[in-house]
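Engineer: If you scroll down you'll find the structure; I have some questions about it.
The values are calculated or read from the model by the stated rules, or taken from the named source; none is laboratory data. Predicted model only: the values in this text are computed from it and were never measured. No Cβ is skipped: glycine too gets one built from the backbone with ideal geometry, and neighbour counts run over all protein chains shown. Side chains included, ligands, DNA and RNA excluded: accessible areas come from the protein's heavy atoms. Shrake-Rupley method; radii C 1.70, N 1.55, O 1.52, S 1.80 Å.
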Amino acid sequence: TAPVVKGTLRRSGSSESFGSTLSLYGVKGDYTITGEVLFGVHYKDGRLLVNVERAKGLAATDKGGFSNPYIKTYLLPDKSQHSKRKTDTKKKTLDPVYDQILKVS
């Protein structure tokens, strides 16, 4: 069996240094991009499995101090719809729990 790869992706910095805030948030504005994503990656039966567990410390993007975050993945170099996967959107939170497995064939 292939090993399971687990990791935490952390980000803290300006939106200019990380890319388009429109693609990250789907909203216009100047936000400091922050937070962590806890995930695992596993290859089984010819499929890549990305276990998105949770995120924490995300940037607030609305006036109430919350966001409606989701995680989007691509299997590079293919950026087509075939390789794109997305978690459910979690409403009004900066610390979402996803506990979802995204499967890529």
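Engineer: Kindly provide the set of residues from region 35-66 that are of a type in the set (S, T, Y) and either farther than 18 Å from D95 by Cβ or outside any loop (DSSP other than H, G, I, E, B) (or both), ordered by number. Spell out the reasoning first.
Structural biologist: Taking region 35-66 and keeping what is of a type in the set (S, T, Y), we get 43, 61.
Listed by number, the list holds a single entry, Y43.
Engineer: Further question: For region 78-105, name all the residues that are exposed (fewer than 15 other Cβ atoms within 10 Å of the Cβ) and among the small types (G, A, S).
Structural biologist: S80, S105
Engineer: Out of all the residues in region 30-77, which are of a type in the set (S, T, N, Q) and open to solvent by 40 Å² or more (accessible area, probe 1.4 Å)? Give the steps one after another, and end with the answer.
Structural biologist: Filtering region 30-77 down to residues of a type in the set (S, T, N, Q) leaves 32, 34, 51, 61, 67-68, 73.
Matches in region 30-77: T32, T34, N51, N68.
Engineer: Kindly establish whether P69 is part of a loop (DSSP other than H, G, I, E, B) and closer than 14 Å to L38 by Cβ. Outline the logic, then answer.
Structural biologist: Working: part of a loop (DSSP other than H, G, I, E, B): yes; closer than 14 Å to L38 by Cβ: yes.
Yes, satisfied.
Engineer: If you don't mind, another one. Taking the condition of being under 18 Å from V41 (Cβ atoms), touching a Phe, Trp or Tyr at 6+ places or on another chain (Cβ under 6 Å) and assigned to a loop (DSSP other than H, G, I, E, B), how many residues in region 72-105 meet it?
Structural biologist: Qualifying residue count for the region: 2.
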